[in-house]
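Peer 1: One structure, pasted below without further comment.
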Amino acid sequence: MTDQFCIPTALAPYGRLPCWVVWRMETVKGKPTKVPYQPDHPTWKAKSDEPSTWGDLDTALEVAETDGFDGIGLELANGEIGAFDIDHCRDQDTGDIHYKVTELVERTNSYTEVTPSGTGLRIIGIYCGQLEAGIKRPLPGANGVSIEVYPASERYITVTGDHLEGTPETLSDITDVMDNVVEELANEKSKAAKTAADEPPVAEDIVHWWGQWRVWSGALVRPVLKC
């Protein structure tokens, strides 16, 4: 273990398992992206659906420091760990956290850490459900805050070890909470879609369609006038 990359006690039992990667911030398609690489072959990229590209924790830590990577990550596809990734919810200077996110942290009651940006949180816990694709949604009631839910998904999460004070230093079973949150987000999305469909057209829409009607009607009338 190094001073630069701190591993939380909560994840220490997974240290010897080949489920770790290293990552470096790179620009991909014009967007900053945390690109994962293989601990055993640092010049080769890792893949979340190919366990052969992962390594153990000690190797990941050594490579991250000696080869100038930005951090280490944990693959979730083994099907035992799930995570909530919440962006833009924390003030980097004051440490203040949006109250809606605090409610979720208290609800899960599991190990939580600050993400590499300093403005997000990651809640990590035991997930005993099926391997599923993650989802990303706006967090209801928290303007500008987005939440990604990864129930044992084929993806990796960054690990900083920057433990959020006041949260457990162990992993709790978050299966029920995670499944419930996924359902709640799906219901919220359906409700928002229905509300949008039921809303009457706004003035801009009416002007737009009036202009279109004039174009269409003019195209039909002009040939008649020429006769």
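The values are calculated or read from the model by the stated rules, or taken from the named source; none is laboratory data. The shown structure was predicted, so the numbers you read here are calculated from the model rather than taken from an experiment. As a convention, Cβ positions derive from the backbone with ideal geometry for all residues, glycine included, and neighbour counts pool all protein chains shown.
Peer 1: Pairs under 8 Å by beta carbon, first residue closer than 14 Å to Arg155 by Cα in the range 130-142, partner buried (at least 16 other Cβ atoms within 10 Å of the Cβ) and polar (S, T, N, Q), six or more apart or different chains?
Peer 2: Leu131/Ser153; Glu132/Ser153; Ala133/Ser153; Gly134/Ser153
Peer 1: What tally of residues in the range 49-67 results from selecting those that are assigned to a loop (DSSP other than H, G, I, E, B), surrounded by fewer than 19 Cβ atoms within 10 Å (Cβ to Cβ) and at pLDDT 95 or above?
Peer 2: Taking the range 49-67 first, the residues assigned to a loop (DSSP other than H, G, I, E, B) are 49-50, 54, 56, 67.
If we keep only those that are surrounded by fewer than 19 Cβ atoms within 10 Å (Cβ to Cβ) as well, we get 49-50, 56, 67.
Subset that is at pLDDT 95 or above: 50, 56, 67.
Count: 3.
Peer 1: For Ser117, are the conditions met, namely being surrounded by fewer than 17 Cβ atoms within 10 Å (Cβ to Cβ) and of a type in the set (Ser, Thr, Tyr)? Write out each step before concluding.
Peer 2: Working: surrounded by fewer than 17 Cβ atoms within 10 Å (Cβ to Cβ): yes; of a type in the set (Ser, Thr, Tyr): yes.
Judged against the criteria, Ser117 is a match.
Peer 1: Just checking, does the range 95-108 include any residue being crowded, with 20+ Cβ neighbours inside 10 Å, of a type in the set (Asp, Glu) and farther than 22 Å from Glu188 by Cβ?
Peer 2: No, there is no match, as no residue in the range 95-108 is crowded, with 20+ Cβ neighbours inside 10 Å, of a type in the set (Asp, Glu) and farther than 22 Å from Glu188 by Cβ.
Peer 1: Let me ask something else. Looking at Asp85 and the list (1) modelled with pLDDT of 95 or more; (2) over 16 Å from the mean Cα position of the chain (by Cα); (3) outside any helix (DSSP H, G or I), which single condition is not satisfied?
Peer 2: In the conditions (1) modelled with pLDDT of 95 or more; (2) over 16 Å from the mean Cα position of the chain (by Cα); (3) outside any helix (DSSP H, G or I), Asp85 misses (2) alone.
Peer 1: For the range 88-120, give me each residue that is in a loop (DSSP other than H, G, I, E, B), closer than 30 Å to Gly55 by Cβ and among the hydroxyl-bearing types (Ser, Thr, Tyr). Spell out the reasoning first.
Peer 2: Taking the range 88-120 first, the residues in a loop (DSSP other than H, G, I, E, B) are 88-89, 91-96, 98, 109-111, 115-120.
So of that shortlist, the ones also closer than 30 Å to Gly55 by Cβ come out as 110-111, 115-120.
Result: Ser110, Tyr111, Thr115, Ser117, Thr119.
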